[in-house]
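One structure is given below, encoded as structure tokens.
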Ligand SMILES: [Fe+2]
């Protein structure tokens, strides 16, 4: 039984120049970047690499149409190494380029072609959520199937992650918060996954502690407090990424995908909608188990009684950024069952590793309560 693996070298840099010098960027490098971050922080460096922007392929979360176009552009170059500078979606898209040139996105994600690594990937996260820089997972929407699917394979694990807190400074407040909530969910969901163990628990607990304390500081001091906390949040999201890369995530993520796919809700925001409702259900269905330990930890950080942990956590998060009913995103009541069926059909990987395996009825009840 494998307990833990961590292939990616993790480095912290206090400026982009020292990163560029350390990894020796040259003309055989293919940079996929978020345009605004590149223009502000990297343009001035006059890098000799082949540079393209994520926005050239679209503004939504990654789809197979976008990654097919990216693959085509990459295959026209003779680049050997990929450098992804952006949020989780940029890094997820870049992971597809690491593979030997065969097939299109659908072939790759449905494993109709062999998944073989050919190129190195350096991942530079510019948000503090996805943890994609250390995970072996890439998530893409398959447009013909109308859902997001995940490819989980060691072949798409980044070789090198560069953590540069300075790059987080341009994130709009709501992106910062929803990406940090995504990281918190990675930490807490992975902690209660059946594959969690003492190694992954270390990362889950430390990430949970850092993020909840960080949010408490922001609630007490105001939004501006985040600027001094970026390094903490970036490292916490990386640790949460290591935890979920080893232990997995569960029903919160599974249930978020139909909302993201159908209504274009960003990943962190969609997960936020499901978070405390799913954990309250976990607690009701299986109160004795690993969930008791995360409740104790949260009660300690939030300085509250164990019985009110998820209520207090929801209150803290709502204070940082308000959550809204699912109908506000355009979801219709008759889609509740459709969403549950979609999860059962396409998110078996996540449902099977959840703390409690949810039935169709349970998922419908949760969607209805959040509607
Ligand atoms: Fe996530």
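Here are the numbers:
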| read-out | value |
| --- | --- |
| Added length on full extension, which subtracts the Cα-Cα distance from 0.36 nm per residue, residue 344 to residue 104 | 83.9 nm |
| Estimated FRET transfer efficiency when R0 is 30 angstrom, pair residue 364-residue 112 (beta carbons, to 0.05) | 0.35 |
| Degrees between helix 226-247 axis and first principal axis of the chain (Cα, 0 to 90, nearest 10) | 80 |
| The chain: mean projected area of Cα convex hull, nm² | 17.0 |
| Alpha-carbon centroid distance for the pair segment 288-324 / segment 35-103, whole angstrom | 38 |
| Burial ordering of 91, 116, fewest other beta-carbon atoms within 10 Å first | 116, 91 |
| The chain: relative contact order as a whole-number percent, Cα under 8 Å and 6+ apart | 16 |
| Simple spin-label estimate for residue 154 and residue 199 in nanometres, 7 Å along Cα-Cβ | 1.2 |
| Fewest-first sequence of 348, 338, 106 by Cβ atoms within 10 Å of each Cβ | 348, 338, 106 |
| Virtual spin-label span in nm between residue 209 and residue 357, 7 Å along Cα→Cβ | 3.5 |
| The chain, helix-only ellipticity at 222 nm - DSSP H runs n ≥ 4, -39,500 (n - 2.57), divided by all residues, nearest 500 | -16000 deg cm²/dmol |
| Tilt relative to the chain, helix 88-97 - C-alpha long axis, 0 to 90 degrees, to 10 | 50 |
| Estimated FRET transfer efficiency (residue 36, residue 288; beta-carbon r; R0 41 Å; 0.05) | 0.30 |
| Rounded if a/c under 1.5, otherwise prolate or oblate - segment 238-371, Cα gyration tensor axes | prolate |
| Helix 198-221 axis, angle to the chain major axis (alpha carbon atoms, nearest 10°) | 80 |
| Percentage relative contact order, segment 172-370, counting C-alpha pairs under 8 Å, at least six apart | 28 |
| Sequence ranges 242-248, 124-130, 364-370, ranked by mean other-Cβ count within 10 angstrom, highest first | 124-130, 242-248, 364-370 |
| Kirkwood Rh, angstrom, segment 89-248 [1 / mean 1/r, Cα pairs] | 16.3 |
| Coordinate range along principal axes, alpha carbons of segment 326-371, Å, largest first | 30, 18, 16 |
| Rg/Rh ratio calculated on Cα atoms of segment 9-167 (Kirkwood radius) | 0.94 |
| Relative contact order of segment 9-167, defined on C-alpha pairs under 8 angstrom at six or more residues apart (%) | 28 |
| Neighbour-count order for 113, 44, 140, fewest beta carbons within 10 angstrom listed first | 44, 113, 140 |
| Stretch gain in nm, segment residue 11-residue 315, where the contour uses 0.36 nm per residue and the Cα spacing is subtracted | 106.0 nm |
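Since every read-out is calculated from the coordinates, none of them should be taken as a lab result. Every value quoted in this text rests on a predicted model; they were computed, and no experiment measured them. FYI the Cβ positions are ideal-geometry reconstructions off the backbone, even for glycines, and counts take in every protein chain you see.
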